[in-house]
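The values are calculated or read from the model by the stated rules, or taken from the named source; none is laboratory data. Just so it is clear, the structure is predicted and the values come from calculations on it, not from any experiment. Cβ atoms come from the backbone with ideal geometry, glycine included; neighbour counts cover every protein chain shown.
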Amino acid sequence: MESMYIESPQNNHVKNLVKLRDRKHRNRQDKFIIEGLREIQHAIDSNYPVVTIYYCPELFPSESHSQFLDLLKAKGQPQCIRMHTSAFSKSSYREGPDGLIALSEAKEMSLSTLKLKENSTLLILEGIEKPGNLGAIIRSAEGAGVDAILLNNCLLDAYNPNAIRASQGLVFRLPIINVETDYLLKWLKEHQFVSIATTPKTDNCYSKQSYSQRTALLMGSESHGLSEKWLNQADYLINIPMKGHADSLNVSVATAICLYEINRQKSL
């Protein structure tokens, strides 16, 4: 027996899920939406405060979805609300949804809560504009053993639905913190991080640079790269040599190349 069934696309739950696609509503409510079984599982496994699961069994593509829902219902939390296909389709941001949407509270994170190691690696992203790039970067960073991602003057947040999807839910596996520039510069020095900025304005190849100490890799926006302030403050500058006619790489690709070299050196 269902405790609640939402049939109308005009239901207030549906309207709120649509609102949460926009950052201003996520910030106002301190909540966000997660779509998809894999992404929701990552959030729950990472102890995100998921408060509601909206589901539409008619859209489930596999038995795994039913099993996942049965486990949640057996635990008695979070709240599970069934939706008619029309209501779910209106709520869903994706094409071809899999019948699961979660509503979660945001996690409070700050630099003071970071657990650092002697050779920690941080990734600092300045001015990133595209959620697909941010999600791809998060996915690479998690795989390369990055301890945290720090967002600086970015035009989007990590809870953007496209960023969550592009990260395949790995956004929930890493601390991702918005930080103001001057405070971050001071914090990096206090915690003995070597800051390394990527730019075409140097001949220092990324693979020749040493990453043996605590490392903060700096990546800039898709259109403008890093600001002069970061380039002037960085301890070292690195580039990725280019052949052919291309003069640059997608920021997510460039970030992955550098992060995996950092990981390779720190794993030796």
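When residue 252 is tested against (1) in a helix (DSSP H, G or I); (2) at positive phi, just one condition goes unmet, and that condition is (2). Scanning segment 96-103 turns up at least one residue that is small (Gly, Ala, Ser), modelled with pLDDT of 95 or more and at positive phi.
If the condition is being surrounded by fewer than 18 Cβ atoms within 10 Å (Cβ to Cβ) and of a type in the set (Ser, Thr, Tyr), then segment 84-107 contributes 85, 86, 89, 93. Taking (1) exposed (fewer than 12 other Cβ atoms within 10 Å of the Cβ); (2) at pLDDT below 95; (3) within 26 Å of the chain's Cα centre (by Cα) in turn, residue 248 satisfies each apart from (1). If you check 171, 146 for being surrounded by 22 or more Cβ atoms within 10 Å (Cβ to Cβ), at pLDDT 95 or above and part of a loop (DSSP other than H, G, I, E, B), only one passes: 146. When you scan segment 108-115, do you find a residue that is basic (Lys, Arg), surrounded by fewer than 22 Cβ atoms within 10 Å (Cβ to Cβ) and closer than 24 Å to residue 211 by Cβ, even just one? Looking for residues that are basic (Lys, Arg), surrounded by fewer than 22 Cβ atoms within 10 Å (Cβ to Cβ) and closer than 24 Å to residue 211 by Cβ, one finds at least one in segment 108-115, hence yes. Scanning segment 203-227 for residues that are hydroxyl-bearing (Ser, Thr, Tyr) and either within 13 Å of residue 266 (Cβ to Cβ) or surrounded by 15 or more Cβ atoms within 10 Å (Cβ to Cβ) (or both) turns up 206, 210, 211, 212, 215, 221, 227. Filtered by the rule that a residue be buried (at least 19 other Cβ atoms within 10 Å of the Cβ) and assigned to a helix (DSSP H, G or I), segment 228-245 gives a lone residue, 230. Scan segment 125-171 for residues that are within 20 Å of residue 93 (Cα to Cα) and touching a strand residue (DSSP E or B) at 6+ places or on another chain (Cβ under 8 Å) and the total you get is 9.
Annotation: of all residues in segment 45-71 being over 19 Å from residue 82 (Cα atoms) and in contact with a strand residue (DSSP E or B) (Cβ under 6 Å, 6 or more places away or on another chain), the one that is surrounded by the most Cβ atoms within 10 Å (Cβ to Cβ) is 48.
Among the strands (runs of 3 or more DSSP E) confined to segment 8-108, the ones with at least 1 residues that are hydroxyl-bearing (Ser, Thr, Tyr) are located at 50-55, 100-105. Among residues of segment 174-191 that are within 25 Å of residue 143 (Cα to Cα), those with a beta-carbon under 8 Å from a residue that is surrounded by 15 or more Cβ atoms within 10 Å (Cβ to Cβ) and among the small types (Gly, Ala, Ser) at least six positions away or on a different chain give the pairs 174/141; 174/148; 175/148; 176/148; 176/158; 177/148; 188/195; 188/216. Taking segment 135-157 as the range and being hydrophobic (A, V, I, L, M, F, W, C) and more than 22 Å from residue 193 (Cα to Cα) as the test, the residues that pass are 136, 155, 156.
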